[in-house]
Amino acid sequence: MKLLYSIHKYDVFMFTWLINTRAHTALTQTSRYLSKTGDGSLYLLIAGFLFCYKGIESPLLQAVLLAFLIERPVYFILKNGLKRNRPEAAIQNFHSIITPSDQFSFPSGHTSAAFMMATLLSYYFPALLIPLYCWATGVGCSRVILGVHFPTDILVGLLLGISVALFSLGQI
């Protein structure tokens, strides 16, 4: 329990520092855009494109579908099992810039899905590895900048997304 308290204290400190930096205001609009790219529409568009042009036999499409079939339930169980409050509920007098889609923050689903897709796509398109991971990192950071996640929510989302993607690739 003491470890969790220490992690939470660190998270609140880092979160507060990030929110209070001068760059925060300048990054808000970009963060809104980046965060929206991780909402799910882009993933459906990619899956639809793969289905239309490659069919269900596409190894990438199969990996994406398997990954989401694993990642979403694991994410949901963790989020609703651990029930970690979002920054707005955990820090007095703080209000997030956007309204989150659900009550709890750990792990970040946007970050998990972004890193999962970045890992899957970069496996099949290695030349896109750096831009894809830059995008996924941007999605994760945007969630902190917008005030809906703590840094460790992002870290665990990253680990979850990459782990599920690697597992899925190993199954296809």
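Can you find even one residue in the range 66-79 that is charged (D, E, K, R) and more than 21 Å from F15 (Cα to Cα)?
Pass one, the range 66-79, residues charged (D, E, K, R): 71-72, 79.
In the following step, the residues that additionally are more than 21 Å from F15 (Cα to Cα) were identified as 71-72.
Among the residues of the range 66-79, at least one is charged (D, E, K, R) and more than 21 Å from F15 (Cα to Cα), which makes the answer yes.
Which of the following residues is modelled with pLDDT of 90 or more and surrounded by fewer than 17 Cβ atoms within 10 Å (Cβ to Cβ): F94, F115, F13, F76? Reasoning before the result, please.
On the way: F94 fails: modelled with pLDDT of 90 or more; F115 fails: surrounded by fewer than 17 Cβ atoms within 10 Å (Cβ to Cβ); F13 fails: modelled with pLDDT of 90 or more.
Going through F94, F115, F13, F76 in turn, the sole match is F76.
In the range 75-99, what count of residues is obtained for those that are of a type outside the set (S, T, Y) and in contact with a helix residue (DSSP H, G or I) (Cβ under 8 Å, 6 or more places away or on another chain)?
First, pick out the residues of the range 75-99 that are of a type outside the set (S, T, Y): 76-95, 97-98.
Next, from what is left, pick out any that are in contact with a helix residue (DSSP H, G or I) (Cβ under 8 Å, 6 or more places away or on another chain): 78-79, 84, 87, 90-91, 94-95, 97-98.
Residues in the range 75-99 being of a type outside the set (S, T, Y) and in contact with a helix residue (DSSP H, G or I) (Cβ under 8 Å, 6 or more places away or on another chain): 10 in total.
Collect the residues in the range 117-129 that are over 13 Å from the mean Cα position of the chain (by Cα) and assigned to a helix (DSSP H, G or I), keeping them in residue-number order.
Looking only at the range 117-129, we keep the residues that are over 13 Å from the mean Cα position of the chain (by Cα), and these are 120-129.
Within the range 117-129, L120, L121, S122, Y123, Y124, P126, A127, L128, L129 qualify.
If the requirement is being farther than 22 Å from Q62 by Cα, under 10 Å from the mean Cα position of the chain (by Cα) and either among the hydroxyl-bearing types (S, T, Y) or crowded, with 24+ Cβ neighbours inside 10 Å (or both), which of these qualifies: G161, G140, G109? Step through it out loud before you land on a result.
Details: G161 fails: farther than 22 Å from Q62 by Cα; G109 fails: farther than 22 Å from Q62 by Cα.
Of G161, G140, G109, the one residue that is farther than 22 Å from Q62 by Cα, under 10 Å from the mean Cα position of the chain (by Cα) and either among the hydroxyl-bearing types (S, T, Y) or crowded, with 24+ Cβ neighbours inside 10 Å (or both) is G140.
Scan the range 112-139 for residues that are small (G, A, S) and over 18 Å from S41 (Cβ atoms) and jot them down. Walk me through how you get there before you give the answer.
Pass one, the range 112-139, residues small (G, A, S): 112-114, 118, 122, 127, 136, 138.
Within the range 112-139, S122, A127 qualify.
Starting from the range 79-99, take each residue that is touching a residue at least 24 places away in the same chain (Cβ under 8 Å) and list its partners that are exposed (fewer than 14 other Cβ atoms within 10 Å of the Cβ) and not charged (D, E, K, R), counting only C-beta distances under 7 angstrom and pairs at least six apart or across chains.
E88/H95
The values are calculated or read from the model by the stated rules, or taken from the named source; none is laboratory data. Quick caveat: nothing in here was measured; it's all calculated off a predicted structure. Please note: Cβ atoms are built from the backbone with ideal geometry, for glycine as well, and neighbour counts cover all protein chains shown.
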